[in-house]
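> Could you have a look at this structure, given as structure tokens, before my questions?
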Amino acid sequence: MKLVNQMKLTFQSRSVNEGFARGAISAFVATLDPTVEEISDIKTAVSEAVTNCIVHGYRDTIGQIHVTVKIFEDQLVRITVRDNGCGIEDVEQAMQPLFTTVHTGERSGLGFTVMESFMDKVKVRSVPGKGTTVTLDKRIAARED
């Protein structure tokens with residue numbers, strides 16, 4: 001796969017920045033002429049990934065969230081969302097529907113499930129005490145001119 005374009009963002013883990021990340025990434029991906037559904041899928045998955053960093057990765061502290069977006073010549077968009085937060089003890093368990101580490105009743109435990117339903121591929125790597133990286137892949141359908 002040949003890289004065509006890429007961008008990087010770093011911002012604080014404040015909830016107000018979730019919308020910024022969603023908007024910036026969707027604007028960058030817009031160069032591929034995605035459908036409304038494709039851009040909506042990406043925005044939803046990014047929202048979930050960034051929210052996980054804020055709510056679970058950093059919990060009640062402020063840290064940095066790093067996002068990289070790469071566009072490859074075959075219309076593949078690869079979005080990487082990384083934090084340096086607490087990490088995930090058991091990634092397989094965390095990816096199960098309804099699993100959550102926040103038990104205040106405010107979280108449904110569907111973040112990874114939502115990401116998987118809107119993206120072609122979701123990969124999660126995490127090291128307890130060091131942080132988590134979520135990689136989201138979505139292939140944008142080619143449009144005829």
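> Could you order the peptides 131-138, 11-18, 63-70 from most to least packed, using the average number of other C-beta atoms within 10 Å per residue? It would help to have the intermediate numbers written out before the result.
Details: 131-138: 21.1, 11-18: 14.8, 63-70: 18.6.
Peptide ranking by packing, descending: 131-138, 63-70, 11-18.
> Hey, another quick one. Heavy atoms only, probe 1.4 angstrom, no DNA, RNA or ligands counted: give me Phe118, Phe20, Phe72 ranked by accessible area, highest first.
Values: Phe118 70, Phe20 100, Phe72 25 Å².
The most accessible residue leads, giving Phe20, Phe118, Phe72.
> Give the accessible area for Arg139 in Å² (nearest 10); use a 1.4 Å probe, count only protein heavy atoms, and leave out ligands, DNA and RNA.
110 Å²
> Report the full-extension gain for the segment Arg143 to Lys2: residue separation times 0.36 nm, less the Cα-Cα distance, to one decimal in nm.
Values: separation 141, 0.36 × 141 = 50.76 nm, distance 1.92 nm.
Gain on extension, Arg143 to Lys2, equals 48.8 nm.
The values are calculated or read from the model by the stated rules, or taken from the named source; none is laboratory data. All figures in this text were calculated on a predicted structure; none of them were measured in a lab. Neighbour counts run over all protein chains shown; Cβ positions are idealised from the backbone, glycine included. With ligands, DNA and RNA removed, areas are computed over all heavy atoms of the protein, side chains included. Shrake-Rupley method; radii C 1.70, N 1.55, O 1.52, S 1.80 Å.
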